[in-house]
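Inspection log for the structure reproduced underneath, given as structure tokens.
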Amino acid sequence: MPLSIDASCPCGSAEPYGECCAPLHHGTVAKTVEALMRSRYCAFVLGLENHLRRTWHPDTCPTDMGLSADTHWKRLEVLDHGQPEGQKDGEETGWVHFRATFQEHGRWQRLEEVSRFTRLGDRWVYMDGTPQLSALKPGRNEACPCASGRKLKRCCAR
């Protein structure tokens, strides 16, 4: 799905897509594990399988990326990120703890994961994670899980 470079980046950074994840989607190397993770979330939103493959460690990359037209990614929250204790900047591993909210077949779900990253040459790549999936059951008059600030019935339930 094409996205204007002036549109808000789907990763939730509040930056325009053209200044945030688009350069990474076109081959720029991510400087941090958080930037890479945000670009990967954005690639799931936009269906960019090539970016996902390029940023996944070859030893753990699945054959099927799990991209589906039935999955609508709505919100990303980066909860924490860093490197293992005692490791200095520029060393080989990092992690990102995030929560992603999505809707699939009309059902709301939340994926929470601590993702592990490693360096492969001069670039960060995704190794694996410990995902936890949970169902959400928002009421029509509750805040929309996409974080728009509107009630569900006036937002994503339309």
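No lab work stands behind these numbers, since they all come straight from the coordinates. Quantities reported herein were computed from a predicted structural model and do not represent experimental measurements. Because the Cβ atoms are built from the backbone with ideal geometry, glycine has one as well, and the counts that use them run over all protein chains shown.
Give the percent of DSSP beta bridges with both residues in the chain that are antiparallel, rounded to the nearest 5.
Working: 37 of 38 bridges.
Given both bridge residues lie in the chain, the antiparallel proportion sits at roughly 95 percent.
What FRET efficiency do you get for S68 and T32 if R0 is 30 Å and r is their Cβ-Cβ distance, rounded to the nearest 0.05?
Working: r = 29 Å, r/R0 = 0.95.
Working from the Cβ atoms, E equals 0.55.
Which angle between 0 and 90 degrees, to the nearest 10, do you get for helix 33-46 versus the longest principal axis of the chain when only C-alpha atoms count?
50
Can you give me the long-range amide H partners of L120? Hydrogens built in the peptide plane at 1.01 Å from N, cutoff under 5 Å, separation of 5 or more residues or another chain.
Those lying under 5 Å, H to H, from L120 are V125.
So what J values fall out for the range 134-141 if you push phi through Karplus, 6.51 cos²θ - 1.76 cosθ + 1.60 with θ = phi - 60°, rounded to Hz, Gly and Pro as x?
9, 7, 10, 10, x, x, 4, 9
When only Cα pairs under 8 Å and 6 or more residues apart are kept, what is the percent relative contact order across the chain?
Numbers: 281 pairs, mean separation 26.0, N = 158.
This gives 16 percent for the chain.
Please list, in chain and number order, the residues 5+ apart from R75 or on another chain whose amide H is under 5 Å from its amide H, with Hs placed from the backbone.
When sequence neighbours closer than 5 places are left aside, the close amide H contacts are T101.
Provide the packing ranking of 127-140, 95-108, i.e. peptides ordered by the mean count of other C-beta atoms within 10 Å per residue, highest first. Don't jump to the answer; show the numbers that get you there.
Details: 127-140: 12.1, 95-108: 17.1.
Peptide ranking by packing, descending: 95-108, 127-140.
For C20, C155, which order do you get if you count the other beta carbons within 10 Å of each Cβ and list the fewest first?
Working: C20 22, C155 16.
Going from sparsest to densest Cβ surroundings: C155, C20.
What are the ³J(HN,Hα) values, in whole Hz, obtained from phi via the Karplus relation 6.51 cos²θ - 1.76 cosθ + 1.60 with θ = phi - 60°, for each residue of the range 106-114 in sequence order, with x given for Gly and Pro?
Each residue of the range 106-114 in turn: x, 9, 8, 9, 10, 10, 10, 8, 9 Hz.
For the pair K153 and T118, what calculated FRET efficiency results from E = 1/(1 + (r/R0)^6), where r is the Cβ-Cβ distance and R0 = 30 Å, to the nearest 0.05? The partial results should precede the final answer.
Details: r = 44 Å, r/R0 = 1.46.
That gives a FRET efficiency of 0.10.
Pop the C-beta distance of Q132 and E19 into the FRET formula with R0 = 30 Å and round what comes out to the nearest 0.05. Intermediate results must be reported in sequence, preceding the final value.
Numbers: r = 32 Å, r/R0 = 1.06.
With a Förster radius of 30 Å, E is 0.40.
Rounding to the nearest 20 debye, state how big the charge dipole of the range 17-154 is about its Cα centre with +1 on each Lys and Arg Cβ and -1 on each Asp and Glu Cβ. If you can, show how the numbers build up before the last one.
Numbers: 20 positive and 18 negative charges, 182 e Å.
About 880 debye.
Search the structure for amide H atoms under 5 Å from the amide H of L3, placed 1.01 Å from N in the peptide plane, and list their residues when 5 or more places away or on another chain.
none
Quick check: pseudo-label points 7 Å beyond the Cα along Cα→Cβ at E92 and R140, how many nm apart are they?
5.6
For the charge dipole of the range 17-154, defined by +1 on Lys and Arg C-beta atoms and -1 on Asp and Glu C-beta atoms about the Cα centroid, which residue among T32, T93, G149 has the Cα displaced farthest towards the positive pole?
Positive-end residue among those listed: G149.
Using the Karplus equation 6.51 cos²θ - 1.76 cosθ + 1.60 (θ = phi - 60°), what ³J(HN,Hα) coupling, rounded to whole Hz, does each residue of the range 116-131 give in order, writing x for Gly and Pro?
Calculated HN-Hα couplings, in order: 9, 10, 9, 8, 10, x, 9, 10, 7, 9, 6, 9, 6, x, 10, x Hz.
Can you pull the three principal axis extents for the Cα set of the chain, in Å, largest first?
48, 32, 30
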